[in-house]
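See structure below.
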Amino acid sequence: MEPPEMINAGELVLKRWEPEWSAEVAAAVQESLPELAPFLPFATPDYGVAEAQEYAERSAANWAAGTEFNYAIFTTVGDLIGSIGLMTRPGPGALEIGYWMRTPWAGRGRMTAAVKVLSRVALSLPGVERLVIRHHPDNHASAAVAAKAGFVEIGREGDDVTREFRGPA
Ligand SMILES: CC(C)(COP(=O)(O)OP(=O)(O)OC[C@H]1O[C@@H](n2cnc3c(N)ncnc32)[C@H](O)[C@@H]1OP(=O)(O)O)[C@@H](O)C(=O)NCCC(=O)NCCS
C-alpha cells in the first residue's frame, strides 16, 4: 500500500513531507500554539527547526516502512498552512487520520476539504475499508471537521472520541 506523494485538493495541495520545510513548519507551529497546544503534545514553546527536522526524517522513515504517510498542506500559491497524515496503527483494514491547521488559515473550511480528499484517496488503497479519527471530547473544531467530512462517532475510550468513515453515504 502506498498513497500518492502529491494530492490536489481544489485550492490546496498535499505533499509528502520534505525536511527543507522545517523552518517554515517551526514558524507555523509557534504561530499556532494557542490552538495546537491543548490537543497536540508536540506543540510546545520549545518546538523549533530541529524538532521539525526530526519529524520530517521520522516521516520519511515511516513512509518507507509503510506505517505512516504524512503530508504538508500548501495553498496553490505555496504557503505551508498545515499538516495531515495517515497511520496504520488501528490495524488491518483501517487507517487513522490526524491533522492540524496553521491558525491564520483556520476556520475557512480548508481542513475539511483536505480530510475529505485524503479520506477518499485512502479508501481507494488496497485493503483499506475504513478511516478512523480519535479526538478529545472538548476538541470541538476537530469534531466539526470530522463530522463535516462524514466521520461518525463509534465509541469513546478514556479521553478520546473515536469516529470512522467508510465512504460517502
Ligand atoms: C481542528 C483544526 C485542524 C480545524 O482546521 P480548520 O481549517 O479551521 O477547519 P475547518 O475550517 O474546515 O472547520 C472548522 C470547523 O470547526 C468549527 N469550530 C472551530 N472552533 C470551534 C469551537 N471552539 N467550537 C465549536 N466549533 C468550532 C468551525 O465553526 C468549523 O465548523 P463549521 O464549518 O461547521 O462552522 C484546527 O482547529 C486545528 O489545527 N486545531 C488544533 C489541532 C487539532 O486539534 N488537531 C486535531 C487533533 S484530533
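The values are calculated or read from the model by the stated rules, or taken from the named source; none is laboratory data. All values derive from a computational prediction rather than experimental measurement. Methodologically, a virtual Cβ is constructed for each residue, glycine included, from the backbone with ideal geometry; neighbour enumeration extends over all protein chains shown. Accessible surface areas use protein heavy atoms only, side chains included; no ligands, DNA or RNA. Shrake-Rupley method; radii C 1.70, N 1.55, O 1.52, S 1.80 Å.
Computed values, structure above
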read-out	value
Strands (runs of 3 or more DSSP E) lying entirely in segment 65-110 (those with 2 or more residues that are of a type in the set (G, A, S))	80-87, 94-101
Yes/no for T76 being near the ligand (Cβ under 10 Å from one of its atoms), open to solvent by 30 Å² or more (accessible area, probe 1.4 Å) and in contact (Cβ under 8 Å) with a residue 40 or more places away in the chain	no
Residues of segment 139-150 satisfying the condition of being free of Cβ contacts under 8 Å to residues at least 24 places away in the same chain and open to solvent by 50 Å² or more (accessible area, probe 1.4 Å)	H140, A147
Test: residue in segment 113-121 that is open to solvent by 30 Å² or more (accessible area, probe 1.4 Å), closer than 17 Å to E35 by Cβ, part of a helix (DSSP H, G or I) and modelled with pLDDT of 95 or more	no
Residues of segment 11-25 satisfying the condition of being part of a helix (DSSP H, G or I) and more than 24 Å from H136 (Cβ to Cβ)	P19, E20, W21, S22, A23, E24
Residue list for segment 25-37, filter: without any contact (Cβ under 8 Å) to a residue 60 or more places away in the chain and surrounded by fewer than 17 Cβ atoms within 10 Å (Cβ to Cβ)	A27, Q30, L33, A37
Any hit, segment 35-47, residues being away from the ligand (no atom under 15 Å from the Cβ) and not acidic (D, E)	yes
Selection count where residues are in contact (Cβ under 8 Å) with a residue 24 or more places away in the chain, open to solvent by 20 Å² or more (accessible area, probe 1.4 Å) and either of a type outside the set (D, E, K, R) or within 14 Å of the ligand (Cβ to nearest atom) (or both), scope segment 54-73	3
Segment 121-137 - residue that is free of Cβ contacts under 8 Å to residues at least 60 places away in the same chain and within 16 Å of the ligand (Cβ to nearest atom) and, of those, nearest to the chain's Cα centre (by Cα)	I133
Complete set of residues in segment 151-169 that are in a loop (DSSP other than H, G, I, E, B), over 22 Å from P34 (Cβ atoms) and either open to solvent by 80 Å² or more (accessible area, probe 1.4 Å) or away from the ligand (no atom under 13 Å from the Cβ) (or both)	G158, R166, G167, P168, A169
